[in-house]
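Read the structure below first, then the notes.
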Amino acid sequence: MLPGANLRDVNHSGSGSTPANHNHSVMMSTREKEKYIENFNFPFCDESSKYEKVAKIGQGTFGEVFKARDKSNPKKFVAMKKVLMDNEKEGFPITALREIRILQLLKHENVVHLIEICRTKASQHNRYRSMFYLVFEFCEHDLAGLLSNVNVKFNLGEIKKVMQQLLNGLYYIHSNKILHRDMKAANVLITKNGVLKLADFGLARAFSTNKNGQPNRFTNRVVTLWYRPPELLLGERNYGPPVDLWGAGCIMAEMWTRSPIMQGNSEQQQLTLISQLCGSITPTVWPGVENLELYKKMDLPQQQKRKVKERLKPYMKDPYALDLLDKLLVLDPSKRHDADSALNHDFFWTDPMPCDLGKMLAQHSQSMFEFLAPPRRPTNMRAHHTMAAARPTSSAVQDGGYQDRVF
Ligand SMILES: Nc1ncnc2c1ncn2[C@@H]1O[C@H](COP(=O)(O)OP(=O)(O)OP(=O)(O)O)[C@@H](O)[C@H]1O
Ligand SMILES: [Mg+2]
């Protein structure tokens, strides 16, 4: 039983009860039930009081994230992500269970490490409902925070290292049949030693390649709008790993532009921005696109030339970088580079070779997170609108303004 369960659900055969008090417990008074819950010993789920909160570092759609110190080892820091108990009657949220299950499966240097799940003690003060935290190894920065700081300068070898680690992480999760589905700079963490970790598996799910020939019917209302690939915007439900590689492409360009390259304020506008950058979405470049549910319902700009290299050249310069980006931002998901082919691209195997980020990061003693940074605005681009909300939501709903910037 979970400590969040309703008082009425108190089960008399719980591990703490002996046959003697079992009989007695049938007649438990409310006070006795409260005491029972307060004193219940939950194995494998420590109390969150073993950690001491130091600062708030994130405010996600699904709750707050704190930096905290391990009281038994004051040099050790963790990140605690609160589980939002939105619908208490349903017990522990299924979305959080899914995130935990996936995180428990994934063990890789480039995937954030989940240490444990903690709980607050149930007491009168929280109406006998515990709060739960996902406890992660602490990473000093997220990529959105780093990119928003003009003093943080990545050289080409360092950008290569970031992208190589990001693609290594994607290669690993995709090999384990997991889709991330929320790739964006704020969900990419970097330790002070320069080790990159994919984070935020709140929207992740397992996939299998078409069991018995039946197409998958996943929700397409995933991925933050600015990083959402064209197949999702057109209503595809039988999608796969290429959705994450589109996001990887957007993040790659952002390493130079320093802010997201396509900031639509609606699904329609996002598709327009994509067409203007990647060329018109047609059955010629993408056979079968005409069968997607929203293909006829959306207004798809015609006669658009593909300008990925041309438009990003002033920022990226390096021809290998431009070529890899061009192969990630491919409209047809079946032709988009996968993590493996991206890792084999000459970009990673020519001078300057990927180089360690530790030295560059050592010049910065402050943690950098998107939550703590001002909204990102490149100095060389005119912003028509300021951002009302600091970040776009992961759902289709876009409230607030946007920055109408196209690179
Ligand atoms: N292990 C960690 N170490 C350091 N910071 C972290 C860690 N985990 C998360 N954060 C910070 O907290 C922020 C929010 O965390 P996360 O993305 O997991 O939560 P979320 O609620 O799912 O967010 P959203 O839905 O808005 O993307 C991250 O962008 C990052 O800045
Ligand atoms: Mg997040």
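Using a/c under 1.5 as the rounded threshold, could you call region 203-306 rounded, prolate or oblate? The axes a ≥ b ≥ c are square roots of the C-alpha gyration tensor eigenvalues, and prolate needs a/b larger than b/c, oblate otherwise. Here region 203-306 falls in the oblate category.
Counting Lys and Arg as +1 and Asp and Glu as -1 over every other residue whose Cβ lies under 11 Å from the Cβ of Ser275, the net charge comes to +2. For Thr95, the accessible area of its heavy atoms, probed at 1.4 Å with every protein chain present, is near 80 square angstrom. Taking a sphere under 12 Å around the Cβ of Phe66 and counting the other residues whose Cβ falls inside, with K and R at +1 and D and E at -1, yields a net charge of +4. Accessible area ranking (1.4 Å probe, heavy atoms, ligands and nucleic acids excluded), largest first, for Arg127, Arg181, Arg237: Arg127, Arg237, Arg181.
Measuring only protein heavy atoms, the 1.4 Å probe finds Lys313 accessible over about 120 Å².
In sequence order, region 104-119 has phi-based couplings of 5, 6, 8, 9, 7, 3, 9, 10, 4, 9, 7, 7, 6, 10, 10, 9 Hz under the Karplus curve 6.51 cos²θ - 1.76 cosθ + 1.60, θ = phi - 60°, and Gly or Pro positions carry x.
One decimal place: the segment Asn73-Glu109 gains 10.7 nm when fully extended, by the rule 0.36 nm per residue minus the C-alpha distance. Note down the net charge around Leu103, summing +1 for each Lys or Arg and -1 for each Asp or Glu among other residues with Cβ under 13 Å from its Cβ. So the environment of Leu103 carries a net charge of +2.
Exposure check, 1.4 Å probe, all protein chains in place: Lys50 carries approximately 60 Å² of accessible surface.
For region 235-250, putting each phi into the Karplus relation 6.51 cos²θ - 1.76 cosθ + 1.60 with θ = phi - 60° gives couplings of x, 4, 10, 9, 9, x, x, x, 4, 6, 6, 4, x, 4, x, 4 Hz, in residue order, rounded to whole numbers and with x for Gly and Pro. The largest accessible area among Trp349, Trp246 belongs to the first residue in Trp349, Trp246, and the rest follow in falling order (1.4 Å probe, all chains). Shown is the FRET efficiency for Val54 and Asn238, computed with R0 = 45 Å from the Cβ-Cβ distance and rounded to the nearest 0.05: 0.50.
Surface composition of region 48-137: carbon and sulfur atoms hold 53% of the protein heavy-atom accessible area at a 1.4 Å probe.
Residue separation of Ala206 and Gln268 scaled by 0.36 nm, minus their Cα-Cα distance, works out to 19.5 nm of gained length.
The values are calculated or read from the model by the stated rules, or taken from the named source; none is laboratory data. From a predicted model like this one, the values you see are computed outputs, not experimental measurements. Virtual Cβ from ideal backbone geometry, glycine too; neighbours counted across all protein chains shown. To get the accessible areas, we keep the full protein, side chains included, count just its heavy atoms, and leave off ligands, DNA and RNA. Shrake-Rupley method; radii C 1.70, N 1.55, O 1.52, S 1.80 Å.
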